[in-house]
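*Asks:* There's a structure below that I have some questions on.
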Amino acid sequence: MLKIKTEVELRKECADVTKSSVSDDTTYKWLPYRPYKEIFESEHRKGVCDIMDFLSDERNYPMYIHCLGGADRTGMIALFLSAFAMR
């Protein structure tokens with residue numbers, strides 16, 4: 001048992017999902033995120049800040065973070081987390 005406390009969904013097209021696919025005890029959090037270069041456009045920066053604020057709250061851990069393919073959105077968040085952890 002992984003005992004995941006929070007599932008973080010990064011796909012922008014999942015507004016209709018309200019429940020975690022992990023377990024009934026796992027909190028579901030939808031934080032839509034734009035892939036690749038779009039995150040640096042001014043209208044999408046707030047979304048990145050919202051995600052980082054949520055991820056900085058240790059009460060949400062352990063987390064399962066995902067998007068559709070796991071390469072762009074999830075990969076960028078993993079990069080950000082790694083960069084902050086190294087500071």
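*Asks:* Checking the conditions here, which among M63, M86, M76 is among the hydrophobic types (A, V, I, L, M, F, W, C) and without any contact (Cβ under 8 Å) to a residue 12 or more places away in the chain? Please lay out each step first, then the result.
*Replies:* Details: M63 fails: without any contact (Cβ under 8 Å) to a residue 12 or more places away in the chain; M76 fails: without any contact (Cβ under 8 Å) to a residue 12 or more places away in the chain.
Only one candidate passes the filter, namely M86.
*Asks:* Right, something else. Quick check on my filter: what residues within region 1-17 are free of Cβ contacts under 8 Å to residues at least 12 places away in the same chain and under 19 Å from M63 (Cβ atoms)?
*Replies:* M1, the sole residue that qualifies.
*Asks:* If a residue must be assigned to a helix (DSSP H, G or I), open to solvent by 100 Å² or more (accessible area, probe 1.4 Å) and among the β-branched types (V, I, T), how many such residues does region 1-47 contain?
*Replies:* Here the count works out to 0.
*Asks:* Under the condition of being open to solvent by 70 Å² or more (accessible area, probe 1.4 Å) and assigned to a helix (DSSP H, G or I), which residue from region 48-59 is modelled with the highest pLDDT? Step through it out loud before you land on a result.
*Replies:* Going residue by residue through region 48-59, those that are open to solvent by 70 Å² or more (accessible area, probe 1.4 Å) are 49, 53, 56, 58-59.
If we keep only those that are assigned to a helix (DSSP H, G or I) too, we end up with 49, 53, 58-59.
Numbers: C49: 83, D53: 91, E58: 92, R59: 95.
The selected residue is R59.
*Asks:* One residue is enough: does region 70-84 have a residue meeting the conditions touching an Asp or Glu at 6+ places or on another chain (Cβ under 7 Å) and surrounded by 12 or more Cβ atoms within 10 Å (Cβ to Cβ)? First the steps, then the outcome.
*Replies:* First, the residues of region 70-84 that are touching an Asp or Glu at 6+ places or on another chain (Cβ under 7 Å): none.
Looking through region 70-84, none of the residues is touching an Asp or Glu at 6+ places or on another chain (Cβ under 7 Å) and surrounded by 12 or more Cβ atoms within 10 Å (Cβ to Cβ).
*Asks:* Anything in region 40-87 that is of a type in the set (D, E, K, R) and closer than 16 Å to Y28 by Cβ? List them, or say none. First the steps, then the outcome.
*Replies:* In the first step, residues of region 40-87 are kept if they are of a type in the set (D, E, K, R); the result is 41, 43, 45-46, 50, 53, 57-59, 72-73, 87.
Within region 40-87, D50, D57, R59 qualify.
*Asks:* Next up: Of all residues in region 46-87, count the ones that are under 15 Å from K12 (Cβ atoms) and charged (D, E, K, R).
*Replies:* Selection size over region 46-87: 4.
The values are calculated or read from the model by the stated rules, or taken from the named source; none is laboratory data. For clarity, every value in this text was computed on a predicted model and none was experimentally measured. Glycine also receives a Cβ, built like all others from the backbone with ideal geometry; neighbour counts cover every protein chain displayed. To get the accessible areas, we keep the full protein, side chains included, count just its heavy atoms, and leave off ligands, DNA and RNA. Shrake-Rupley method; radii C 1.70, N 1.55, O 1.52, S 1.80 Å.
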